[in-house]
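One structure is given here, and the rest of the page talks about it.
Just so it is clear, none of the values below were taken in a lab; they were calculated from the coordinates. Note that the structure is a prediction, hence the values are computed from the model and not measured. In this analysis, Cβ positions are derived from the backbone assuming ideal geometry, glycine residues included, and neighbour counts consider all displayed protein chains.
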Amino acid sequence: MQIKDKVAIVTGGASGLGRATVELLLERGAKVVIFDLNDAQGQDVAKTLGANCAFAKVNVAEEDSVQAGIALALEKFGALHLCVNCAGIGPAEKTYGSKGPHSLANFTKVLQVNLIGTFNVLRLAAEAMARNEPVTEDGERGVIVNTASAAAFDGQMGQVAYSASKGGIVGMTLPIARDLASYGIRINTIAPGIFNTPLMNAAPDKVKLPLIEATQFPKRLGNPPEYALLVANMIENGFFNGEVVRLDGAIRMAPR
Ligand SMILES: NC(=O)c1ccc[n+]([C@@H]2O[C@H](COP(=O)([O-])OP(=O)(O)OC[C@H]3O[C@@H](n4cnc5c(N)ncnc54)[C@H](O)[C@@H]3O)[C@@H](O)[C@H]2O)c1
């Protein structure tokens, strides 16, 4: 599907990988609505990026909030073709440790935002996409891109909730592709390694440096535009469906 003249929502689009995706989609001629909890930053980014970019304060984990965001996208830009899920949180806590067992509330929160939030947005986006007339010869109506993590496969100590949430995103990719095939909607998932974003920059050097060392080549953090390039290819390449792709400089993360 060509990106030009399509309408996209990007969750977590106020920051990091989401923001880089918003910028690339706009560069390629899309209209984009940023869904983010961070009101001030979301408004600011949308204003900076111009008239083809709008902001909706959305909590991906809440049904009404996402519905209102999708209604805004439809009202402002007339349709919805692309949905990129980048909103996520990544706190660290061990299953059991010196402070006792993992807080069940914290585990639930990570699953709520990362896994259920992703599903909540894409199921409602699919409803809007299904109403589109096909836009390609193949009959495509929409494309969804999700964000998992290398931690879905080699989660480190303290990443149990995060890895479970991202593993869920990996696991649901193929069944969603199957569910949405008859509507002409494709879905793929990117599993990033370590990228240079505010989320990662919040980690101390003792966490970051070994991760850079474990990245085989190139020996650096990924740059958010490199993530956005793969999103664009997943949208533009009509045969790309039901797949999970690691984008990680060949990192395989050690236990810590
Ligand atoms: N940066 C990395 O190294 C890396 C690696 C692997 C996976 N990821 C994943 O990529 C995605 C983007 O990460 P990032 O590094 O750009 O993070 P980031 O913190 O820079 O951006 C995440 C954005 O999501 C928003 N957000 C959080 N909870 C939300 C909610 N409930 N509803 C709506 N918006 C919400 C935040 O306000 C923020 O703007 C996340 O899902 C993250 O788990 C990142």
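At most 10 other Cβ atoms within 10 Å and a DSSP loop assignment: could you name the trypsin sites (Lys or Arg not before Pro) in the range 82-137 that fit? Mind dumping the intermediate values first?
Numbers: sites: LYS94, LYS99, LYS109, ARG123, ARG131; in loops: LYS94, LYS99, ARG131.
Passing sites in the range 82-137 are LYS99.
Length gained on full extension, ALA203 to TYR96, computed as 0.36 nm times the residue gap minus the Cα-Cα distance: 36.4 nm. Pairs of Cα atoms nearer than 8 Å and 6+ residues apart set the relative contact order; for the chain it is 21 percent. Picking from PHE35, VAL10, GLY167, whose Cα lies most toward the positive end of the charge dipole for the chain (charges on Cβ: Lys, Arg +1; Asp, Glu -1)? Of PHE35, VAL10, GLY167, it is GLY167.
If the chain linking LEU104 and ASN196 were pulled fully straight, counting 0.36 nm for each residue of separation and taking away their Cα-Cα distance, it would gain 30.2 nm.
For the range 36-51, the Karplus equation 6.51 cos²θ - 1.76 cosθ + 1.60, evaluated at θ = phi - 60°, returns couplings of 8, 6, 7, 4, 4, 5, x, 4, 4, 5, 4, 5, 4, 8, x, 5 Hz by residue, with Gly and Pro reported as x. Compute the Cα gyration tensor for the range 29-85, then decide on rounded, prolate or oblate, letting a ≥ b ≥ c be the square roots of its eigenvalues: rounded whenever a/c is under 1.5, prolate when a/b is larger than b/c in the other cases, and oblate in all that remain. Note, shape of the range 29-85 comes out oblate.
Within the chain, antiparallel bridges make up roughly 5 percent of the DSSP beta bridges whose residues both belong there.
Evaluating 6.51 cos²θ - 1.76 cosθ + 1.60 at θ = phi - 60° for every residue in the range 61-66, the Karplus couplings come out as 7, 10, 4, 4, 5, 5 Hz, glycine and proline recorded as x.
Label zone (ILE212, point 7 Å along Cα-to-C-beta; backbone nitrogen cut-off 18 Å) within the range 161-199: 193-199. Extension gain, GLU137-ILE89: 0.36 nm per intervening residue step, less the Cα-Cα distance, totals 13.5 nm.
Close amide-amide hydrogen proximity is noted between ASN146 and ASN85, ASN188, THR189, ILE190, each under 5 Å apart and 5 or more residues distant or on a separate chain (H modeled in the peptide plane; Pro and chain starts excluded). Counting only other residues whose beta carbon sits under 12 Å from that of ALA151, what net charge do I get with K and R as +1, D and E as -1? Here the charged neighbours net out to +1. Database remark: amide H of ALA54 closer than 5 angstrom to the amide H of VAL32, VAL33, ILE34 (H placed geometrically; neighbours at sequence offset of 5 or more, or on other chains; Pro and chain starts carry no H).
Residues in the range 94-104 carry Karplus couplings, in order, of 8, 4, 8, x, 4, 8, x, x, 3, 5, 5 Hz; the curve used is 6.51 cos²θ - 1.76 cosθ + 1.60 with θ = phi - 60°, and Gly or Pro positions show x. Computing FRET efficiency as 1/(1 + (r/R0)^6) for LYS219 and ASP44, where r is the C-beta to C-beta distance and R0 is 30 Å, gives about 0.35.
For GLU140, the residues whose modelled amide H falls within less than 5 Å of its own, excluding neighbours fewer than 5 places apart on the same chain, are VAL135. Neighbours of ALA20, meaning other residues whose beta-carbon lies under 15 angstrom from its beta-carbon, give a summed charge of -2 when Lys and Arg score +1 and Asp and Glu score -1. Note on GLU27/ARG178: beta-carbon distance plugged into 1/(1 + (r/R0)^6) with R0 of 51 Å gives a FRET efficiency of 0.95. With an 8 Å cut-off on Cα pairs and a minimum separation of 6 or more residues, tell me the relative contact order of the range 42-98 in percent. Reported relative contact order: 18 percent. Computed over neighbours whose Cβ is under 12 Å from that of PRO255, the net charge equals +2, Lys and Arg +1, Asp and Glu -1. Judged by the gyration tensor of its Cα atoms, with axes a ≥ b ≥ c, the range 97-256 is oblate; a/c meets the 1.5 cut and b/c is at least as large as a/b.
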